[in-house]
Amino acid sequence: QVQLVESGGGLVQPGGSLRLSCAASRNIFNPNTVDWYRRAPGKQRELVARINPGGSTDYVDSVKGRFTISRDNAKNTVYLQMNSLKPEDTAVYYCNTFPKPLASWGQGTQVTVSS
């Protein structure tokens, strides 16, 4: 069974940066589209960013200009560079493939933006 492992989260002050990583236990990201999601306390899961096999990206409006999704197919890893973080970015961040997400999601990585 393929495992997804998200990492890189933490506590950061507003305006700070974090780089999240999403690693797969085997090569499933190439040539699939990969999404980053987040779930804030009391809210539904939200699609944050998407990268397709060709490297084209898309973002939810609230993170455009601040977040950058990228991929390293050789390492079976997808990244989410998050800059100018805001308190409203606080959430657990997850990754998965699209349009057929793996049934088994990773544990996610907690991002907390607070002074």
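The values are calculated or read from the model by the stated rules, or taken from the named source; none is laboratory data. In this text the structure is predicted, and so the values were computed from the model without any measurement. Here the Cβ positions follow ideal geometry from the backbone for every residue, glycine too, while neighbour counts run over all protein chains shown. Heads up: the accessible areas ignore ligands, DNA and RNA and are worked out on the full protein's heavy atoms, side chains in. Shrake-Rupley method; radii C 1.70, N 1.55, O 1.52, S 1.80 Å.
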Next item on the list: Give the residue that is farthest from Val113 (Cα to Cα), with candidates limited to residues of region 39-79 that are open to solvent by 60 Å² or more (accessible area, probe 1.4 Å) and β-branched (Val, Ile, Thr).
Entry: Thr57
Note to self: Based on this model, can you work out whether Asp58 counts as over 22 Å from Gln107 (Cβ atoms), assigned to a strand (DSSP E or B), of a type in the set (D, E, K, R) and at pLDDT 95 or above?
What the structure shows: yes
Notebook entry, point to check: Just to be sure, is Tyr93 open to solvent by 20 Å² or more (accessible area, probe 1.4 Å), under 19 Å from Leu4 (Cβ atoms) and within 11 Å of the chain's Cα centre (by Cα)?
Noted result: no
